[in-house]
Every structure is written in C-alpha cells, then in structure tokens.
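Report on the structure given below.
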C-alpha cells in the first residue's frame, strides 16, 4: 500500500506516516514472534486441551494499589503545567516519581492483598 | 499479591478464597486494579460524558431552531460545537468502546482472571478521567473552551487565531486520554494473546474479543500519531516553531494529514467494538451461532488494514491529495463492511429471533449504520464530495454512523448490564427508549441530508432565511429532543429497575464464557470453566445434543452414531 502510494502520489507526509506505521507494526510483532518461538506449545492454543491441562499458576496479579492513581494525578499536574505555569511541574513530577518508586517497590515487595 | 490458580484449582479451594478483600468505599475505587471495577468506572464516566456532550447537542439544536437566534453568542456556539464533537468522540464513544465494556467483558470471554497488566489498566482510567476534567475545565477559564472545531485545523488553532488557555487545556486533555488509550491497547493485546483459557484457541474467541484485538492494534498504530501531532501543535503555539504555519515555512495542511492519519482509524476504533457487541447480541437473540464466523474475522482485519490508507478522503477539497487512490481505498472498505452486513442478516436468517431491547437496539444499529454507510459511499467519490463537503450532508452522514454506534452501545448495556450488576433493566422502558432513540435519529438526520444538498454550511450558528431551511432545521431539532428523551428514559430505567429484577447467571441463554460464571462475576471471574470446543462453550455445555449440528458438523455427528457399513 505504502509503495503504491509513494510512487503514485510522491507525497511526503503520508508516505512517511505509512512507513512509520509499518515500523510500529514490526515493534510488537517481532516481540511476539520472538516469544512465540521460545515458548513451549501452550494449552490455550491446543484445540483438544482440557481445563486440567492448564493447571498451575496463570500469573501474579496485584490485589489493590494506590500507585496508578498517584501516577495519574502526577500526569494531570504535568499537563496542567503546560497550560497554567511551569511551577505545577513541581507537584506533578513529584507525584510521578513518588508513584514510580512506590509502584516499583510494591512490585518487589509483593504488594497488598 | 494474589497468586491466581488455574480455574479448576480455584474451584476446589473457593471456600477459602475470599470475595471481598481489600478496602471498601472510595478507597476501593481509588486503589482497585480489578478489571471489573475499572470497567465500571469507565462505563459510568463515559455515560456522564454522553450526557454532557448530549446537552451541548441540545443547545446547538435549540440555537438552530430559528435562523437568527440569539440563544447563545456566535463565540459560544463555536465552543459548543467544538466541545460537543470533542466530548462525544474523545471522551464518550472511544473510552466506552475500548475502555468500558471491553475492560469488563474481554477477560471474562476468554476465561482470564484479569487484564494482563492490572495496574496499567488502573492508570489508563485515571488518565482518562483527568484528561476529561482537563478538557472540560476549558469552560471555566478566561476566553472559554476550545473553539476551533473538534479537528483543530491549522492555522485556526495557532496562538494568534485561538489564544487562551481553553485551547491548551483541549490539547492537554487529549494528550492524557491519548496515553490512556495507548495503554489500554497494550493491555488488551497482551491479555488476548497470553491469558486465554485452555482450549480457547484464536479461532474460538468470541467475535467481540476478536474485534477488540483488532481495535487494540489500530489504537497502537494510530494514537501515537495524534500524540505527536498534538505536541507539534503545542510547540507551534508556545515555542515559536512553525511546523503548521506558512509564515515560518511550515505547511498547514500537514496538520490535516497527521490528524486524519489518526482520525480515520479512530472511526474504526469506535466502530469495531460496537460491531462486536452487535454480533454477540444478534447471535444470542437469534439462538444461532454467528453466520460466517471466520468471514467476520477476516472482514474485521481487512477493515482495520484498509482504515490506515484512507485518511485523506477527509481532505479531498484541499487539492493536495491523490484523489483516485483515496477514493478507491475508501470504496474498498464497503466490501468487508458489506460482508459483515450479510453475515448479521445470515445470523438472523431462520433463527428464533427474540425481540428484546438489546436485539431491537442491534437492529436499529443495522438500519442506521446502513444509511450512514451508503451515504459514506457517496462521499468517497470526489465529485460528490466537492459538492457536499462542509455542508450538513457530511454532518448527517457522520451522525447516522455514530448514532448507529450509540444504539449498538445501548444494546450492549442492556445485554451485558445484567452480567455486570446482577440485575436486569426494565424491558418496557427499554423498548420505549429504543423507539425514541431510533425514530429520533432518523427524524434528526434526514432533514440534515436535505439541508446539506441544498447547501447549508456546517458549523454556523445563524443561517439565511431561505424557504424551507427553518422547517427542516426544526424537524431536526424535534429529532434531537426525541434522542434527549431516550437518554432520559435510560437514566429513569436505571433508577426504576435498581436491584429489582435479579438476572441469574445466564438470562439470555448466552453463548460465550461470561454467561458461565456468576452475575456479577467473582473476584478473578471463575470458579470453574467448561471444556472449550467451539466459539460458544457455554451454549455447548447447556445444550449437549445441539452443538454438533449447530456448528455445521451434522454429517460427522451422524457418522459417529451410525458408522457407514462397507
């Protein structure tokens, strides 16, 4: 599509965006390809799998966490700083870093139940 | 952290598995990472946005009820139509489509305990909420809210033509909701690829989940472009760059290219989830499997791929775009969409159709979307587009499409609401809501098609008193009032039916996994799961004799019963 478009239109913006869009596809695509090659066949892809065949720990999920809210409020203040004045970056970035540290520590500790 | 065991293991231990752990009340809302709580927050917030955006629409229609009305000033009118479009697209339909029901239903449909990244999911919601507040707070600053249209075309949106904080708040709000959407896209993709239950292969996933997967990929491709464009716009406004201004050697139409490179996939980011909702509703209420299941999926993939190559059909009249390329690509989208239309009809064909509110909403979607789709084919043709561009014809086409999506979304709320809350909504009020919404939409859009062909320009607060113009505008206003009544009926229905009609686990005899668990589902969704052998495991479990014939394997089933003698 991109090649046709470029040779037909000779227009820069659209061709560049299509090319970058293609690269954007490759980014997660190659990541998934990499993992799908390293993974063993999984029971969710087996058409004859029984529920018991998936037995085991599916994943680890945090119970509750305040840090997404803190991070969201930090981002809110950072954006408001773009509009109302640079001083709002102080609480904004403060909250963002606090949330990043808190969230990371929570992940390492094992989090709340 | 809670280690999530596989569903059978949870079934063995579920007495020890506490339902209500963690904080309650407001702290629960602030700290929850449960996809159902987050999805519910998304649902409530987006319906509030629907009401806010809808009240802007009612004000717009009230202003247009007479040619030289002075209900609002022209400056206020600009703010109104800008914020109506912005709220409806960015803050209601998008988050409703890929944030609200997707969040609640997708993990349950594939038998997952939660989204892949629960904390990122919570962050998505907080960015959406703060983005909404940021954008709407423009009304409370000097100079008012953004007033350059929801598309913010350069050079109208630069700091000379639109000074003031309202426009910056609009940009900031979009940055926040844009990141929210991207994170949701990441989350949905990872969840669908990695958290399916055993036996839930890709081609056994419900159509709704499939559509959300394609939507998530489109989000990942389209939203970064918008974010980049917004940063450029902000730099133009504040840091003296001239990316979009001719004075400094920039190109204003570049903004249109960037905006619509996001904007047209965005149309399908709004639409594909609703296609999925409607597919589920039609199949369940016709008591048949989806007709052409794989065709449906390939149609969705094709729509997603084509949507990335049609952005400039919004720019035909700029004179800077390759007309035949974009015309052909736009017309091609009618093919997969047509496949979907026939599949929906094929699903109903010779089924036992049950005209519940959800089904009526889905049928209303089919009709209204067909009107919007066919007028879209007109607009994909450059000569016709030159004639109707920037008239009410485009407004009418667009509103046929998005009102169809609203009907599908309402149908989904009636269909999945009982699963989420445990209680049904009143069907009588629901049907009244449907008729007001459906008829109101047609009464609202058809005069606008005619006005557009007569040449009434869009985005005007006053219009010349040509013969017939006021009459048609008044009819459109009556339609808008009917739509307003339908929304009021929805709220009345929620209040009237509050905890009145217990739904049970499977009120509609559903097909997919969400109808296998309790209503509302427990923490981490399932105590047990059925064997998954087709795209409708719950139906197979409840109707053991039926499944082989219903999935087109009748011949095999017969052979198994009576082996052919040589």
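The values are calculated or read from the model by the stated rules, or taken from the named source; none is laboratory data. Since the model is a prediction, treat every value here as computed from it, not as a measurement. Note: ideal-geometry Cβ built from the backbone for every residue, glycine included; neighbour counts use all protein chains shown.
Within the stretch B:23-43, the set of residues being surrounded by 16 or more Cβ atoms within 10 Å (Cβ to Cβ), facing another protein chain (nearest Cβ under 10 Å) and not in a loop (DSSP other than H, G, I, E, B) comprises B:30, B:31, B:32, B:35, B:37, B:38. For the stretch B:99-155, taking the residues that are touching a strand residue (DSSP E or B) at 6+ places or on another chain (Cβ under 8 Å) and not in a loop (DSSP other than H, G, I, E, B), the one that is nearest to the other protein chains (Cβ to nearest Cβ) is identified as B:122.
Pick from the stretch B:267-315 the residues that are assigned to a loop (DSSP other than H, G, I, E, B) and within 14 Å of chain A (Cβ to nearest Cβ): which of them is surrounded by the fewest Cβ atoms within 10 Å (Cβ to Cβ)? Per the stated criteria, the residue is B:315. Only one entry of B:335, B:321 meets the criterion of being assigned to a helix (DSSP H, G or I), in contact with a helix residue (DSSP H, G or I) (Cβ under 8 Å, 6 or more places away or on another chain) and more than 30 Å from residue B:428 (Cβ to Cβ), and that entry is B:335. Scanning the stretch B:61-84 for residues that are closer than 13 Å to residue B:460 by Cβ and in contact with a helix residue (DSSP H, G or I) (Cβ under 8 Å, 6 or more places away or on another chain) gives B:63, B:64, B:67, B:69, B:72, B:77, B:80, B:81. A count restricted to the stretch B:233-247 and to residues that are more than 28 Å from residue B:323 (Cα to Cα) and assigned to a helix (DSSP H, G or I) stands at 5.
For the residues B:281, B:243, the requirement of being in contact with a helix residue (DSSP H, G or I) (Cβ under 7 Å, 6 or more places away or on another chain), farther than 20 Å from residue B:186 by Cα and at pLDDT 95 or above singles out B:281. Using the structure shown, decide if residue A:72 is within 7 Å of chain B (Cβ to nearest Cβ), crowded, with 20+ Cβ neighbours inside 10 Å and outside any loop (DSSP other than H, G, I, E, B). Judged against the criteria, residue A:72 is a match.
The numbered conditions (1) modelled with pLDDT of 90 or more; (2) touching a strand residue (DSSP E or B) at 6+ places or on another chain (Cβ under 7 Å) are all true for residue B:524 except (1).
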